[in-house]
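Accompanying notes for the structure given below.
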Amino acid sequence: MKLGEVDLVLASTSRYRRELLGRIAPRLRCVAPDVEETRQSGEAAADLARRLAAEKARAVAARTPGAIVIGSDQVADRDGLVLGKPGDAATARAQLAACSGASVLFHTAVCLIDRRGGDAVEHAALDRTEVVFRALSAETIAAYVEREQPLDCAGSFKCEGLGIALFERIGSDDPTALIGLPLIAVCRLLRAAGVEAI
């Protein structure tokens, strides 16, 4: 079956994920998952990403019978410290200052739930991307945050924009993962569900 023939639902209101999934999906709809995203005590970054991706997909799949639902979540991890979405400029500047000259791991999880049959069938994947930041001055950080306003991005940057100038290198198996949705993994999960993007 081709992707254009299924009811594809993205369990997200993220414009970044919608744009990414739209690259391969001729049609899709977005439904807000309304999931509490609080980290559990002692929960590792990768486990948090996996759990939230699954909870988002399950919340929306419960309301969309007959659809294929995709949930995703990304968690940034600097030496065990989880970096969330900053929400304001001061927090963004502090996050970037803490990342200056450091390596940060981005765990991007995907959960696909197939509701086309009687039972919900789940498929999941996790992408790990390493970002090595160059040494950043306070002036560079302030200028970047002012110019790009990355307040809704884990880690306080947009790698698809000016944020790329903050890095020494990126190590990844999937260039779309760092933006928020690893499309190589999504295509693999779709194939596991019997759906081809091409």
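Six or more apart or on different chains, Cβ atoms under 6 Å: show the pairs whose first residue is in segment 116-134 and within 30 Å of Gly163 (Cα to Cα) and whose second is among the acidic types (Asp, Glu) and outside any strand (DSSP E or B). Between residues of segment 116-134 that are within 30 Å of Gly163 (Cα to Cα) and residues that are among the acidic types (Asp, Glu) and outside any strand (DSSP E or B), the close pairs are Asp127/Asp174.
Of the residues that sit in segment 1-42 and are of a type in the set (Asp, Glu) and more than 17 Å from the chain's Cα centre (by Cα), which one is modelled with the lowest pLDDT? Among those that are of a type in the set (Asp, Glu) and more than 17 Å from the chain's Cα centre (by Cα), it is Glu5. Considered as a group, the residues in segment 14-25 that are under 13 Å from Leu183 (Cβ atoms) and not small (Gly, Ala, Ser) include one that is surrounded by the fewest Cβ atoms within 10 Å (Cβ to Cβ), and that residue is Arg23. The set of residues in segment 85-100 being loosely packed, with under 15 Cβ neighbours inside 10 Å and either more than 13 Å from Ala138 (Cα to Cα) or touching a residue at least 60 places away in the same chain (Cβ under 8 Å) (or both) consists of Gly87, Asp88.
Of the listed requirements (1) surrounded by 21 or more Cβ atoms within 10 Å (Cβ to Cβ); (2) farther than 17 Å from Leu52 by Cα; (3) aromatic (Phe, Trp, Tyr), Phe167 misses just one: (1). Of the residues making up segment 164-198, those that are part of a loop (DSSP other than H, G, I, E, B), hydrophobic (A, V, I, L, M, F, W, C) and in contact with a Leu (Cβ under 6 Å, 6 or more places away or on another chain) number 3.
Being touching a residue at least 40 places away in the same chain (Cβ under 8 Å) and buried (at least 17 other Cβ atoms within 10 Å of the Cβ): is that true of Leu151 here? No; evaluated as a whole, the condition is false for this residue.
The residue that is surrounded by the most Cβ atoms within 10 Å (Cβ to Cβ), among those in segment 26-58 that are closer than 16 Å to His123 by Cα and among the basic types (Lys, Arg), is Lys56.
Restricting the search to strands (runs of 3 or more DSSP E) fully inside segment 43-125 and requiring at least 1 residues that are under 16 Å from Leu151 (Cα atoms) and either at pLDDT below 95 or of a type in the set (Gly, Ala, Ser) (or both) gives 68-78, 81-83. Of the residues Thr91, Thr108, which is among the hydroxyl-bearing types (Ser, Thr, Tyr) and farther than 30 Å from Glu5 by Cβ? Answer to the selection: Thr91.
The values are calculated or read from the model by the stated rules, or taken from the named source; none is laboratory data. Source: prediction; values computed, not measured. Virtual Cβ from ideal backbone geometry, glycine too; neighbours counted across all protein chains shown.
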